[in-house]
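Some notes on the structure that comes next.
The values are calculated or read from the model by the stated rules, or taken from the named source; none is laboratory data. Note that this is a predicted model, so its numbers are computed, not measured. Note that each Cβ is placed from the backbone with ideal geometry, even for glycine, and that neighbours are counted across all protein chains shown. With ligands, DNA and RNA removed, areas are computed over all heavy atoms of the protein, side chains included. Shrake-Rupley method; radii C 1.70, N 1.55, O 1.52, S 1.80 Å.
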Amino acid sequence: MKRVAVVTGGTRGIGEAICEALKHAGYKVAATYQGNDEAAKKFTEKTGIPAFKFDVGDFDGCKEGLAHIVKALGPVDILVNNAGITRDAFLHKTTLKHWHEVVNTNLDSVFNMSRNVIEGMRERGFGRIISISSINGQAGQAGQTNYSAAKAGIIGFTKALAQESASKGITVNAIAPGYIDTEMVRAVSPEVLSKIVEKIPVKRLGKAEEIAAMVVFLASDQAAFATGATFTVNGGQYFA
Ligand code: NDP
């Protein structure tokens, strides 16, 4: 029987590449998204992967959304917590609203989704929870106190849940991408972006497919001994 994988924020960017790679590796895949119906429609037409709309920052929304996914595809074996946003500013200009939005979408979401699948994974004795952190959760980044805090929070969550889940056949890992060529990074000004690329030893942005390949490995049976870890994929920019 094909295993079922859910990828939050799976309709665009890194999430889209993860969905396609997991499908190619033989999983039944569901993507989730928040509001961009046009991108989601295009994604489903292109990949044949269904997209489910709900806010990962809303616990009850996740519960309901996951129930629809389980009804359509079956119980969730692999959860990829990928949805994320940025609201960048130095702390002295960061609003409480932007603090909460970033922490809610990037970190509360990891609780909201994981909490709603973990009991089933424990009962069935198998599970993979893979969360997308960031180089900026490891190294910190000026202008991103909210994002850096949320992404660092994912790393702590991963270590704790890995300990709780190891005896149940569930692995819990994080991936910390460096700068990847997606809309999120294209939103940065060209001057700032060229300065960023200068600091990357491989002298280019990463590709979404390079993050997806790590997800496929961590989802596999071969990765059963890897848990509680943060896998750095950043072109040599930062050695955690
Ligand atoms: P994109 O902005 O390209 O895509 C974000 C996806 O997340 C979209 O599908 C979006 O849905 C969805 N999403 C956003 N907010 C919510 C929400 N509240 N509920 C449900 N879905 C939501 O992001 P990237 O592909 O660039 O980034 C993916 C992940 O990788 C993020 O966690 C990001 O922080 C992390 N990352 C990215 C890096 C990069 O260089 N790009 C570097 C390091 C980490 P919709 O289309 O409806 O808006």
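Observations on the model:
- Carbon + sulfur, % of accessible area of the chain - ligands and nucleic acids excluded, 1.4 Å: 56 percent
- Efficiency of FRET between Lys2 and His92 - r from beta-carbon atoms, R0 51 angstrom, step 0.05: 0.50
- Gain in span if fully extended, Glu64 to Ala224, counting 0.36 nm per residue against the direct Cα distance: 54.6 nm
- Contact order for the chain, expressed relative to its length and based on alpha carbon pairs under 8 Å spaced 6+ residues apart, stands at 20 percent.
- The range 140-152 - phi-based ³J(HN,Hα) in whole Hz, Karplus 6.51/-1.76/1.60, Gly and Pro as x: x, 8, 4, x, 9, 4, 5, 5, 4, 5, 5, 6, 5
- Rounded to whole numbers, the Karplus 3J(HN,Hα) couplings from phi for the range 171-176 are 9, 9, 9, 10, 10, 10 Hz, using 6.51 cos²θ - 1.76 cosθ + 1.60 with θ = phi - 60°, and x at Gly and Pro.
- Peptides ranked, highest mean first, by Cβ atoms within 10 Å: ranges 214-220, 200-206: 214-220, 200-206
- Subtracting the Cα-Cα distance of Ala240 and Ala166 from their residue separation scaled by 0.36 nm leaves 24.3 nm.
- Unit charges on C-beta of K, R, D, E only; dipole of the range 57-209, Debye: 340 debye
- Checked against a 20 Å cut-off, the cross-linked pairs Lys28/Lys53; Lys23/Lys207; Lys63/Lys151; Lys97/Lys151 give Cα-Cα distances beyond that limit for Lys63/Lys151.
- Projected label distance in nm at Ala139 and Ala187, using a 7 Å step from Cα toward the beta-carbon: 2.0 nm
- Compared with the alpha-carbon gap, the fully stretched path from Ser194 to Lys41 is longer by 51.8 nm at 0.36 nm per residue.
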